Amino acid sequence: AVKGYLKKPTLVNNVETLSLVPWIITNGASSFNSIGTSKSKGTKVFALAGKISKGGLIEVPMGTTIREIVENIGDGVAEGNEFKAVQIGGPSGGCIPASQSDTAIDYEELTRMGAMMGSGGLVVLDNTDCMVDMAKYFLTFTHKQSCGKCTFCRIGTKQMLNILTNLSEGKATMEDIEELETLCKYVKDGSLCGLGKTSPNPVLTGLKYFREEYEEHTRGICRAKKCTSLIKYNITESCTGCTKCSQECPVKAIPFTPYERHSIDQTLCTKCDSCRIICPEKAIE
């Protein structure tokens with residue numbers, strides 16, 4: 001802002017900010033300041049996505065609660081599923097649990113909760129989402145985006161990702177979770193730019209609000225059944241031997257044995273879920 005392009009002061013704003021200027025000129029600053037909270041004025045555009053009935057671009061006054069957005073604007077999650085959390089702010093944003101959905105969305109409240117406004121992404125999660133898997137997904141992105149200039153970001157995010165990967169495969173320990181939390185704080189405090197400083201947010205909020213899920217992964221349990229290394233498919237006695245699962249299996253992990261109870265070769269199974277979906281007797285669990 002002081003010295004940028006051609007060594008001149010350079011102020012860069014996004015389209016969302018610039019679009020407000022004509023409205024403020026037309027309606028006046030007092031009208032703009034009447035919208036929002038005491039410190040966060042005006043409106044905010046979000047990309048509402050994830051496990052939500054009605055997604056898309058939305059614009060809401062600052063101070064609107066998460067619950068209002070999910071339930072009133074997005075029509076909630078799919079029937080039969082349970083609203084679990086929202087991930088706000090893009091890949092470096094934090095996850096806010098459903099229990100805190102009365103949180104007002106403004107810059108101060110989101111920061112206090114461990115999230116951020118960021119790019120305006122608002123991803124709704126339900127009970128079929130795994131918090132370890134989500135953290136691994138976002139950290140994979142931020143690690144790849146690291147320029148590598150500072151050690152905390154370059155190496156720290158890689159080590160964090162290694163621990164999350166081990167957790168998703170049931171290979172991590174409780175001590176690893178403690179190490180992960182310590183690494184998050186080092187990377188957050190020691191990185192030079194915003195990418196490194198905010199990259200631990202999905203992990204830190206996951207540990208803060210969903211720690212029991214992380215601990216379950218050390219025991220080989222993924223309650224959302226998203227971490228494929230921790231999943232095993234079995235065929236129950238309800239099987240009638242119709243062979244539909246065998247025909248559907250893309251890796252031929254289910255032998256073709258008509259009129260007999262089928263079995264699954266666990267060494268071949270990729271946990272694609274096709275057999276469970278197609279079974280007419282609901283005999284695969």
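Computed quantities for the displayed model
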{"quantity": "Most mobile of 211, 223, 112 in a GNM of the chain (Cα contacts under 10 Å)", "calculated": "112"}
{"quantity": "Packing rank of 242-254, 131-143, where each peptide gets the mean count of other beta carbons within 10 Å, highest leading", "calculated": "131-143, 242-254"}
{"quantity": "Lysine-lysine proximity count for region 38-190, Cα under 24 Å, sequence distance 8 or more or distinct chains", "calculated": "23"}
{"quantity": "Translational D in µm²/s for region 233-285 (Stokes-Einstein at 37 °C, 0.692 mPa s, Kirkwood Rh from C-alpha pairs)", "calculated": "310 µm²/s"}
{"quantity": "nm² value of the averaged projected area, convex hull over the Cα atoms of the chain", "calculated": "19.2 nm²"}
{"quantity": "GNM flexibility winner over the chain from 72, 162, 27 (Cα, springs under 10 Å)", "calculated": "27"}
{"quantity": "Sequence of 149, 226 from largest to smallest accessible area, 1.4 Å probe", "calculated": "149, 226"}
{"quantity": "Heavy-atom SASA rank of 263, 191 (probe 1.4 Å, accessible area, largest first)", "calculated": "263, 191"}
{"quantity": "Region 110-198: C-alpha gyration tensor shape, a/c 1.5 cut-off, then a/b vs b/c", "calculated": "oblate"}
{"quantity": "Debye-sum result for region 129-262 in log10 I(q)/I(0), which assumes one identical scatterer on each alpha carbon, at q = 0.12, 0.16, 0.19 Å⁻¹", "calculated": "-0.56, -0.77, -0.95"}
{"quantity": "Mean Cα-pair separation over length for region 164-246, i.e. relative contact order, pairs under 8 Å, 6 or more apart, %", "calculated": "37 percent"}
{"quantity": "Formal net charge of residues neighbouring residue 253 (Cβ-Cβ distance under 13 Å; K, R +1; D, E -1)", "calculated": "+1"}
{"quantity": "Solvent-accessible area per residue for the chain (1.4 angstrom probe, square angstrom)", "calculated": "54 Å²"}
{"quantity": "Distance between region 208-285 and region 1-29 - C-alpha centres, whole angstrom", "calculated": "54 Å"}
{"quantity": "CD proxy at 222 nm, helix term only [per DSSP H run n ≥ 4: -39500 (n - 2.57); per residue of the chain; nearest 500]", "calculated": "-11000 deg cm²/dmol"}
{"quantity": "Equivalent-ellipsoid semi-axes of region 84-154, from the Cα gyration tensor, Å, largest first", "calculated": "23, 16, 9"}
{"quantity": "Over region 201-285, relative contact order from alpha-carbon pairs under 8 Å, at least 6 apart, %", "calculated": "28 percent"}
{"quantity": "Axial C-alpha extent at least 27 Å, average Kyte-Doolittle at least 1.0 - helices from the chain (DSSP)", "calculated": "none"}
{"quantity": "Percent carbon-and-sulfur accessible area, the chain, ignoring ligands, DNA and RNA, probe 1.4 Å", "calculated": "54 percent"}
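The values are calculated or read from the model by the stated rules, or taken from the named source; none is laboratory data. Given the structure is predicted, the values throughout are model-derived calculations rather than measurements. Positions of Cβ are generated from backbone atoms using ideal geometry, with glycine treated the same way; all protein chains shown enter the neighbour counts. Surface accessibility is based on the protein's heavy atoms, side chains included, excluding ligands, DNA and RNA. Shrake-Rupley method; radii C 1.70, N 1.55, O 1.52, S 1.80 Å.
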